[in-house]
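Quick note: the coordinates plus some simple rules give every number you see, no bench work behind them. Source: prediction; values computed, not measured. Methodologically, a virtual Cβ is constructed for each residue, glycine included, from the backbone with ideal geometry; neighbour enumeration extends over all protein chains shown.
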Amino acid sequence: MLLVKREIGVGEIVKEIRLSQPQVSMILKELRDLKLVECKIKGKERIYKINRITIDSFIKILKEFIKELGQVYDDEIIVWR
């Protein structure tokens, strides 16, 4: 949830989630490749933030999928929110 609230540097992420810096950097690179996060360089540090456009598109697709799935299974789905 760190990236949802604001832009954040790798060092701060490392402190919060207690993974090594190389592990965090590798995960963030994968997220960047998927266009889920954006990165800018400030001095020697990389600053990350959520890519709202990609996330919003993903949520829209997921909601449509859930709606279609609900139509297929009709009453068998108890809660979809």
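Structural remarks
- Residues of region 40-57 with amide N under 17 Å of a point placed 7 Å along Cα→Cβ from LYS15: 44-48
- Here the label points at GLU7 and LYS60, each 7 Å from Cα along the C-beta direction, are separated by 2.6 nm in the simple model.
- With 32 Å as the limit on Cα-Cα distance, the pairs of LYS40/LYS67; LYS5/LYS60; LYS15/LYS35; LYS42/LYS67; LYS42/LYS63 that go past it are LYS40/LYS67; LYS42/LYS67; LYS42/LYS63.
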